[in-house]
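Undergrad: The structure's right below; bear with me while I get my questions together.
The values are calculated or read from the model by the stated rules, or taken from the named source; none is laboratory data. Bear in mind the structure is a predicted one, so any value in this text is a computation, not a measurement. In this analysis, Cβ positions are derived from the backbone assuming ideal geometry, glycine residues included, and neighbour counts consider all displayed protein chains. SASA here: full protein model, heavy atoms, side chains in, ligands and nucleic acids out. Shrake-Rupley method; radii C 1.70, N 1.55, O 1.52, S 1.80 Å.
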Amino acid sequence: MIRVEHLTRRYHDLVAVDDVSLQVEEGEVLGFLGPNGAGKSTTIKILTSFLPATSGRAEVAGLDVATQGLAVRRLIGYLPENVAVPPDARVEEYLEYRGRLKGIPRAERARRRDAVLEAAGLLPMRRRILSQLSRGYRQRVGLADALLSDPKVLFLDEPTGGLDPAQRADVLELIAGMRGQRTVMLSSHVLAEVESVCSRVAIIKNGAIVARGTREPGEDEPQF
Ligand code: ADP
């Protein structure tokens, strides 16, 4: 479902992503683990077609991210590292607006909005003004937005960043429940998080993949 071949991205002299190859099969949750500055966000921005690669190629659901970017973006859900939201809107208004933007038919929009409000634990906050939310709740709004069009492929860049332990556990449970339903690439710098929800892990350091592992079917504990 996600296929990455020899992807490289430079920022002037810096090689932020260095010959990365990986695959994520349908229904898998890939943990993309690495310290800050390792190249996780840059890789995800390329796969979501927000940033061009310097070389190499990547496909999402058979679409080339370099040449079929619009189609890729229509198909996927993406939670960026920093969620930018209009400050004055209320949570539910914003999701309504995002639903229109994503072309969700009018008849379905309210149902999808309510489904993602519930999934992201935002029902009690639906009337709140976005600028008055804590970072953790803004992150959840980003997650709700990523889920809005019920995408088969999800890119979540540090989805637990800024969350308190209880919120973190909720979000991880939500992601764990997606296994087999959606294909997910989830970045994190916390090994324990990745272990708890991912079927496969790739570890990135200084732009390069340094280790990978898979959880064998039927195993209780992942062997990474
Ligand atoms: P991560 O998501 O793992 O924290 P990033 O992909 O954000 O890592 O960054 C990888 C490297 O690329 C870092 O050294 C970072 O400083 C650098 N970098 C990221 N974005 C830019 C940019 N727009 N211009 C120059 N360097 C950048």
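Undergrad: Just need a number here: residues in region 151-172 that are touching a residue at least 12 places away in the same chain (Cβ under 8 Å) and either open to solvent by 30 Å² or more (accessible area, probe 1.4 Å) or away from the ligand (no atom under 16 Å from the Cβ) (or both).
TA: Summing the residues that are touching a residue at least 12 places away in the same chain (Cβ under 8 Å) and either open to solvent by 30 Å² or more (accessible area, probe 1.4 Å) or away from the ligand (no atom under 16 Å from the Cβ) (or both) in region 151-172 gives 12.
Undergrad: Among what's in region 58-84 and is without any contact (Cβ under 8 Å) to a residue 60 or more places away in the chain, open to solvent by less than 70 Å² (accessible area, probe 1.4 Å) and small (Gly, Ala, Ser), pick the residue that is nearest to the ligand (Cβ to nearest atom).
TA: Selected residue: ALA58.
Undergrad: Considering only region 98-200, give the helices (runs of 4 or more DSSP H) lying wholly within it that have at least 2 residues that are more than 21 Å from PRO35 (Cβ to Cβ).
TA: On the way: elements: 106-119, 135-147, 165-176, 191-197.
In region 98-200, 106-119, 135-147, 165-176 are the helices (runs of 4 or more DSSP H) which contain 2 or more residues that are more than 21 Å from PRO35 (Cβ to Cβ).
Undergrad: Identify all residues within region 183-200 that are modelled with pLDDT under 95 and either away from the ligand (no atom under 13 Å from the Cβ) or within 13 Å of SER21 (Cα to Cα) (or both); write none if there are none.
TA: LEU191, ALA192, GLU193, VAL194, GLU195, SER196, VAL197, CYS198, SER199, ARG200
Undergrad: Acidic (Asp, Glu) and within 15 Å of the ligand (Cβ to nearest atom) - does that describe any residue in region 20-35? Break it down into steps so the answer makes sense when it comes.
TA: The initial filter retains those residues of region 20-35 that are acidic (Asp, Glu), namely 25-26, 28.
Now restrict to residues that are within 15 Å of the ligand (Cβ to nearest atom): none.
So far as region 20-35 goes, no, none of its residues is acidic (Asp, Glu) and within 15 Å of the ligand (Cβ to nearest atom).
Undergrad: Looking at ARG74, ARG57, which is the one that is under 16 Å from the mean Cα position of the chain (by Cα) and among the basic types (Lys, Arg)?
TA: After applying the criteria, what remains is ARG74.
Undergrad: Have a look at PRO87, PRO52 and point out the one that is part of a loop (DSSP other than H, G, I, E, B) and within 16 Å of the ligand (Cβ to nearest atom).
TA: Just one listed residue meets the conditions, PRO52.
Undergrad: Something else: Being small (Gly, Ala, Ser), more than 23 Å from ILE209 (Cβ to Cβ), more than 16 Å from the ligand (Cβ to nearest atom) and surrounded by 15 or more Cβ atoms within 10 Å (Cβ to Cβ) is true for just one of GLY103, GLY99. Which residue is that?
TA: Checking each option against the conditions leaves just GLY99.
Undergrad: Can you pull out the residues in region 106-150 that are among the polar types (S, T, N, Q) and either crowded, with 21+ Cβ neighbours inside 10 Å or without any contact (Cβ under 8 Å) to a residue 60 or more places away in the chain (or both)?
TA: If the condition is that a residue be among the polar types (S, T, N, Q) and either crowded, with 21+ Cβ neighbours inside 10 Å or without any contact (Cβ under 8 Å) to a residue 60 or more places away in the chain (or both), then SER131, GLN132, SER134, GLN139 are the ones that fit.
Undergrad: Then there is this: Provide a single number: the residues in region 80-117 that are within 23 Å of ASP164 (Cβ to Cβ), at pLDDT below 95 and within 19 Å of the chain's Cα centre (by Cα).
TA: Total meeting the criteria: 6.
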